[in-house]
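Just so it is clear, none of the values below were taken in a lab; they were calculated from the coordinates. None of the values given here were measured: they were computed from a predicted structure. A quick note on method: Cβ atoms are made from the backbone with ideal geometry, for glycine too, and the neighbour counts reach across all protein chains shown.
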């Protein structure tokens, strides 16, 4: 959902009242609920004209839709396959159509990373790896960031070498989740892991932790470390994108996010973005960058991570193609 759609959805939810809005939120993912909650919290006032515009657009887009379908399973299958492709959709379809209630992993996705990390600190690295690969990469990265250094390195190595979860390991995983969450008795069927999963998580770690993990993996398996690095994409690698990809990214990134992220970027990368903007927009961005004083590196890295998340979404949707990469005080 782009920024405009997120704002419209927040306005629509606020117009419904607490009870009706809560009924809708129950059907959304944790990440969607978080984004909508943040948007609602930051919305101070909405004009009558803006509210009418949102409601009319919503009414127009739903006026021709039937309220019921005779085969909702086939409808879900068709929509997901069309949106995600057969490979990505099959895993999600299996979970949606086979599970009538939240599994232990689904409950885990609603928890704060600190709480998840605290629960997993005493577990075997193989169990932690098996759990993290079932979380979204950004949540998994947040959890991994909170683990002790040695444990984080071992967990990431196991994620990178994980080609699937055997039945015996699934039993251990379900036992852990049952103990921690008082649920999740149904086996998790997904086969996940590998160098790409590890690379996606490392892209989001930041703070130099990614480099430390790579070096720890290199000590055990140099070829695997190189494979992970080849699959990583860091902020500086945006310079490798073609102009069309940059333009697609600019449409999805908020101005404030771009300003903060580019405060820590090398001049060539700044110019890459400026060169794909209108003269007026480029001049405005230059003024904003010059007028901003020094910013904390953590704040800059956070906004750069947001841009990388957006880029990864666009890549998953087939709108941009990523190349390989590798890979922190005031800037």
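So if R0 is 35 Å, what FRET efficiency would residue 3 and residue 114 give, r being the distance between their Cβ atoms, rounded to the nearest 0.05?
Between residue 3 and residue 114 the formula returns 0.80.
Please list 272-282, 122-132, 243-253, 290-300 highest first by mean number of surrounding beta-carbon atoms within 10 Å per residue.
122-132, 243-253, 272-282, 290-300
Given a cut-off of under 8 Å on Cα pairs at least six residues apart, what relative contact order in percent is computed for the stretch 235-316?
Working: 54 pairs, mean separation 38.2, N = 82.
With pairs under 8 Å counted, the relative contact order is 47 percent.
Treat each spin label as a single point 7 Å out from the Cα along the C-beta direction, and report the residue 234 to residue 122 distance in nm.
A separation of 3.7 nm, rounded to one decimal place.
In nm, what is the difference between 0.36 nm times the number of residues separating residue 284 and residue 45 and their Cα-Cα distance? Display every interim value, and only then the final one.
Details: separation 239, 0.36 × 239 = 86.04 nm, distance 2.64 nm.
Full extension of this stretch gives 83.4 nm more.
In nm, give the distance between the simple-model label positions of residue 220 and residue 247, each being 7 Å from the Cα along the Cα-to-Cβ direction.
That separation, rounded to one decimal, is 4.5 nm.
Once you have a ≥ b ≥ c as the square roots of the Cα gyration tensor eigenvalues for the stretch 235-316, tell me rounded if a/c is under 1.5, and otherwise prolate or oblate according to whether a/b is larger than b/c. Walk me through the intermediate numbers first.
Values: a/c = 1.69, a/b = 1.15, b/c = 1.47.
It is oblate, given that a/c is not under 1.5 and a/b is not larger than b/c.
Relative to the compact globular guide of 2.2 N^0.38 Å, what is the alpha carbon radius of gyration of the stretch 3-62, as a ratio?
1.07
When only Cα pairs under 8 Å and 6 or more residues apart are kept, what is the percent relative contact order across the stretch 3-62? Mind dumping the intermediate values first?
Values: 23 pairs, mean separation 30.0, N = 60.
For the stretch 3-62, the relative contact order is 50 percent.
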